[in-house]
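Here is the structure we will look at.
The values are calculated or read from the model by the stated rules, or taken from the named source; none is laboratory data. Everything quoted here is computed from the prediction, not taken from an experiment. Here the Cβ positions follow ideal geometry from the backbone for every residue, glycine too, while neighbour counts run over all protein chains shown.
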Amino acid sequence: MWIPLVTVVLGLAVLTWSADRFVNAAAATASRTGLSAMLIGMTVVALGTSAPEMVVALFAALDGLPNLAIGNALGSNIANIGLVLGATALARPIPVPFSLVRRELPLLLGATGITGYALGNGILGHFDGLILLIMMVFSVWWLIRADTPDTSPISEIPDMTVKSALSWLVITLLLLSLSSRALVWGASELARGLGISELVIGLTVVAVGTSLPELAACVASAVKRHHDLAIGNVIGSNLFNLLTVLPIPALIAPGAPDPDAAGRDYRVMLLLTLALAALLLWQRQGRLGRPIGVALLLSYAAYLAWLGISGRAT
């Protein structure tokens with residue numbers, strides 16, 4: 001039992017380190033193009049911090065563990081709103097740009113609705129995966145098309161040449177792949193040894209572990225007052241998790257998802273997403289302050305407690 005546990009710990013450590021370096025290299029590359037901070041957060045940084053979820057989902061699906069991949073995607077979105085955004089708002093209040101409410105939030109709500117259909121029809125199959133991928137292509141096109149000139153340039157970008165940044169991208173992607181592979185193996189072995197379902201392991205250990213890059217990136221961005229980067233990372237990461245992570249088990253290992261995923265866990269993700277939308281609409285051109293951060297963290301703690309109780313009951 002200790003070998004899988006050590007593998008999970010080491011996998012998470014390398015995963016976090018490599019994802020952090022990946023974000024730095026990606027941001028250094030993107031900053032040379034004059035993209036806005038919000039677009040960088042929604043695409044480049046979000047893609048980098050969601051890369052662990054995508055790689056974990058790939059190896060989980062190839063290993064015949066689709067529910068681990070599904071749990072990772074849903075659990076990561078729940079963690080991103082409850083844990084990551086909550087901790088970020090607690091560290092420093094986050095201003096809410098109106099452009100986020102007008103352009104990016106509708107994409108996340110649409111993706112959440114399509115995900116509900118994909119999980120609720122009883123089979124997560126090829127058609128569902130293709131629909132999600134098509135919406136991902138549309139979302140990226142829409143974000144680039146709707147981007148406006150940067151009014152809040154990002155400082156403290158790593159001083160890298162394009163060649164150096166691209167080299168780091170390749171190296172860290174390789175490390176992400178290897179560490180995620182180790183994480184999937186260790187988590188699945190722990191699940192079997194402890195009699196815990198793959199879904200619950202994906203929703204907790206793997207989801208929180210693969211959300212650590214988002215947590216580190218968002219808190220660091222907020223502390224450095226790169227607020228557009230922080231809020232854009234959360235919205236973008238959740239969008240990528242639904243539209244690029246879930247299609248992986250749908251296309252590689254199609255089948256019926258665990259009923260708890262379509263019931264308990266999707267509903268929690270939906271409620272948190274709707275709550276986030278209501279907060280952003282209420283606070284547009286305002287800010288997400290520390291009381292909201294505390295409320296989000298408490299909601300995430302309550303979900304983990306509920307997950308623990310329901311997990312023991314099954």
Which condition breaks for residue 41 when tested against (1) modelled with pLDDT of 70 or more; (2) over 13 Å from residue 216 (Cα atoms)?
-> (1)
Residue within segment 152-169 that is farther than 18 Å from residue 20 by Cα and modelled with pLDDT under 75 present | yes
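What is the residue count in segment 171-219 for residues that are part of a helix (DSSP H, G or I) and either among the aliphatic types (A, V, I, L, M) or touching a strand residue (DSSP E or B) at 6+ places or on another chain (Cβ under 8 Å) (or both)?
Of the residues in segment 171-219, the ones part of a helix (DSSP H, G or I) are 171-194, 198-219.
When the remaining residues are screened for being either among the aliphatic types (A, V, I, L, M) or touching a strand residue (DSSP E or B) at 6+ places or on another chain (Cβ under 8 Å) (or both), the result is 171, 173-176, 178, 182-184, 187, 190-191, 194, 199-201, 203, 205-208, 212, 215-217, 219.
Selection size over segment 171-219: 26.
Output the number of residues of segment 279-314 satisfying the condition of being of a type in the set (S, T, N, Q) and at pLDDT 80 or above. Give the derivation first.
Within segment 279-314, the subset of a type in the set (S, T, N, Q) is 283, 285, 299, 310, 314.
Still in the running and at pLDDT 80 or above: 299.
Of the residues in segment 279-314, 1 are of a type in the set (S, T, N, Q) and at pLDDT 80 or above.
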Would segment 95-117 turn up any residue that is in contact with a strand residue (DSSP E or B) (Cβ under 8 Å, 6 or more places away or on another chain), crowded, with 23+ Cβ neighbours inside 10 Å and in contact (Cβ under 8 Å) with a residue 24 or more places away in the chain?
-> no
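Out of curiosity, is residue 9 surrounded by fewer than 19 Cβ atoms within 10 Å (Cβ to Cβ) and at pLDDT below 80? Explain how you work it out, then say what you get.
Working: surrounded by fewer than 19 Cβ atoms within 10 Å (Cβ to Cβ): yes; at pLDDT below 80: no.
No.
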